[in-house]
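> Please find one structure pasted underneath; my questions will follow.
Quick note: the coordinates plus some simple rules give every number you see, no bench work behind them. All values derive from a computational prediction rather than experimental measurement. When we count neighbours, we look across all protein chains shown, and the Cβ atoms used for this are built from the backbone with ideal geometry, even at glycine.
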Amino acid sequence: MIEPGKLFQLEGGQKRRKLALTFGALERDIRGIAEKGTEYNFTSMARADYVKEITKVLLKDPKLPSDAAAELTRLLTAQPFDELRLCNCARNHLLTLIGTFPAEWDLVIAPHAAPTEEDGTVRQREFYPGLAVYAEDIRSPFNLGSIFRTAEAMGAEKVYLSPFCTDPEQPRAIRSGMGCIETLGWERCALDQLPDDLPVFALETGGCDLKDFKFPEKGICIIGSEELGVSPQALERATYGRVSIPMKGLKASLNVGVAFGILMQAWVNALNTLR
């Protein structure tokens, strides 16, 4: 952390970059995920007061848009004072000024704490037995982390990864997975190594409309790569069928993680109806 007075003395671009880094470090400190050596350590000033002081430094930036200044002023004087929201808004306004827009993996998001029982023990994860996904050649760590996050949230038992799927332990995958990669069971295997006793179907264009598809009580859904979709070999392995999401847009294209989320919601709804 740097003293507000010293921040004020810095010049335009340098000041903005330093402020953005400082607000980001403060966000992490507030969330309790500060990296070692970056914790707030000014004993002469409470952290909330420090946040207010450096926000005042930012408000003096002549290039700060009036609507951004109005938002920061409102947050600065709000009661109760929300230092986390002020830090987040200030950092993002600064990134806009600098011309650097955050990717998903740059966002300051704290992993959700594991839910506990009344006696303090960690609650066991509930899932639908036999419900699984096969991620075929997903190249983006962000997309893979998102797939794990959706699978865990919607009650999948397991995630299978193709041999050329990106590494789920890649830092960006771990970050977007929000702790779900560590929680959810997974294994890497080829198509011919998938369990023979579970129905296998594919999420791909040209199949049965999602609302008409008869989902199995147990099974494996194959989702394909961002660029090529489900491979011909995977479509052959999907002997239970092919399901498609109806779309009306000109592009008729969905991010693989978003498409998987829609599929999982429909599958879980079908299972709950059966039960």
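> Taking K158 as the anchor, which lysines have their alpha carbon closer than 30 Å to its alpha carbon, excluding any fewer than eight residues away along the same chain?
Partners found: K211, K214, K218.
> Most mobile of K63, K52, K251 per a Gaussian network model of the chain (Cα springs, under 10 Å)?
K251
> On the first, second and third principal axes, largest extent first, how far apart are the outermost C-alpha atoms of the chain in Å?
In descending order, the Cα extents are 68, 53, 34 Å.
> For the range 167-216, what size does the Cα cloud have along each of its three principal axes, sorted from largest down, in whole Å?
37, 25, 18
> List the aspartates and glutamates whose alpha-carbon lies under 20 Å from that of K63, not counting same-chain residues fewer than 8 positions away?
Filter leaves E11, E53, E71.
> In 10 Å bins starting at 0, how do the alpha-carbon pair distances of the range 1-105 split up by percent?
Spelled out per bin, shortest first, that is 15, 52, 31, 2.
> Mind checking the full-extension length gain between K36 and C208? Use 0.36 nm per residue of separation minus the Cα-Cα distance, one decimal, nm.
Fully extending the segment from K36 to C208 adds 56.7 nm.
> Add -39500 (n - 2.57) for each DSSP H run of 4 or more in the chain, then divide by its residues: what number comes out at 222 nm, to the nearest 500 deg cm²/dmol?
Mean residue ellipticity at 222 nm (helix-derived): -13000 deg cm²/dmol.
> Compute the whole-percent fraction of alpha carbon pairs in the range 124-275 spaced more than 26 Å apart.
17 percent
> How do the peptides 79-90, 154-165, 20-31 rank, highest first, by the average count of neighbouring beta carbon atoms within 10 Å per residue?
Descending packing order for the listed peptides: 20-31, 154-165, 79-90.
> Please report the orientation-averaged projected area of the range 212-275, defined via the convex hull of its C-alpha atoms, in nm².
For the range 212-275, averaging the hull's shadow over all directions gives 4.9 nm².
> Related question: So what are the radius of gyration and Dmax for the Cα set of the range 189-238, in Å?
Both quantities, over Cα of the range 189-238: 11.2, 30 Å.
> May I pose another question? Cross-link list K15/K60; K18/K60; K36/K56: which exceed 19 angstrom alpha carbon to alpha carbon?
Distance filter (> 19 Å) returns K36/K56.
> Label-point separation (nm) for E217 and A153, each offset 7 Å from Cα along Cα-to-Cβ?
Calculated label separation equals 2.8 nm.
> What FRET efficiency comes out for E227 versus E71 if R0 is 35 angstrom and r is the Cβ-Cβ distance? Round to the nearest 0.05.
With R0 = 35 Å, the Cβ-Cβ based efficiency is 0.35.
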